[in-house]
Amino acid sequence: MPETLPVRDARPEDFERVGRLTVEAYRTDGMLDAVEDGYALRLADAALRAEQAQLLVAVDPASDEPLGTVTFCLPGGPWAEISRAGEAEFRMLAVAPEARGRGAGRALVEECLRRAAAAGAHRLVLSTQPASVVAHRLYDRLGFTRMPERDWSPAPGVDLLAYARPAP
């Protein structure tokens with residue numbers, strides 16, 4: 001059984017680690033084209049995400065070292081992609097490869113659900129790549145369902161699946 005990891009807002013001293021772990025997680029999962037660096041640069045810019053949205057980290061309880069991260073946002077913000085009025089959204093869920101299986105992903109998504117409810121959102125939405133099957137299993141376990149009518153493509157050859165869950 002994975003441990004329950006603390007989740008907090010990222011701090012400036014976390015930004016470098018968070019940027020690196022996000023890029024590393026995406027690369028490990030084959031979600032970044034080795035030739036295309038534009039999205040990797042966006043993933044690495046944790047400071048900008050923290051400035052323009054809510055950048056969260058799941059941390060090791062002993063060291064306070066970030067093990068995973070997610071960007072939580074509300075509709076209309078610069079990081080929102082598919083959220084609409086009354087919804088919240090999360091993006092860029094990433095867990096360091098060496099920290100997988102400890103419950104970081106689950107803790108981060110559960111915190112996003114809490115923040116969605118606190119913001120008065122009735123639903124939490126997300127987009128994910130079809131190949132992110134491990135993440136899909138997590139979303140299924142946490143009660144998210146597919147919203148194929150909101151699937152979309154941000155760039156040629158990049159198709160994203162939409163998921164949603166009512167906020168608690």
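General remarks:
- The residues listed here are THR145, THR69; of these, the one that is at pLDDT 95 or above, open to solvent by less than 20 Å² (accessible area, probe 1.4 Å) and of a type in the set (Val, Ile, Thr) is THR69.
- Residue in the stretch 56-64 that is more than 14 Å from the chain's Cα centre (by Cα), assigned to a strand (DSSP E or B) and buried (at least 18 other Cβ atoms within 10 Å of the Cβ) present: yes
- Among the residues here, ALA50 does not qualify as touching a helix residue (DSSP H, G or I) at 6+ places or on another chain (Cβ under 6 Å) and in a helix (DSSP H, G or I).
- From TYR39, TYR26, residue being at pLDDT below 90, open to solvent by 20 Å² or more (accessible area, probe 1.4 Å) and either closer than 18 Å to SER132 by Cβ or among the acidic types (Asp, Glu) (or both): TYR39
- Residue in the stretch 102-110 that is open to solvent by less than 40 Å² (accessible area, probe 1.4 Å), touching a residue at least 24 places away in the same chain (Cβ under 8 Å) and not hydrophobic (A, V, I, L, M, F, W, C) present: yes
- Residue check for ASP45: more than 11 Å from the chain's Cα centre (by Cα), over 24 Å from ASP14 (Cβ atoms) and not β-branched (Val, Ile, Thr): no
- Exactly one residue among ALA167, ALA96, ALA121 is closer than 21 Å to ARG84 by Cα, touching a helix residue (DSSP H, G or I) at 6+ places or on another chain (Cβ under 7 Å) and surrounded by 12 or more Cβ atoms within 10 Å (Cβ to Cβ), and that residue is ALA167.
- The listed residue being more than 11 Å from the chain's Cα centre (by Cα) and among the basic types (Lys, Arg), out of ARG106, ARG100, ARG91: ARG100
The values are calculated or read from the model by the stated rules, or taken from the named source; none is laboratory data. Predicted, not measured: the structure shown is a model, and the values here were computed from it. Methodologically, a virtual Cβ is constructed for each residue, glycine included, from the backbone with ideal geometry; neighbour enumeration extends over all protein chains shown. Quick note on the areas: whole protein, heavy atoms, side chains included, nothing else; ligands and nucleic acids left out. Shrake-Rupley method; radii C 1.70, N 1.55, O 1.52, S 1.80 Å.
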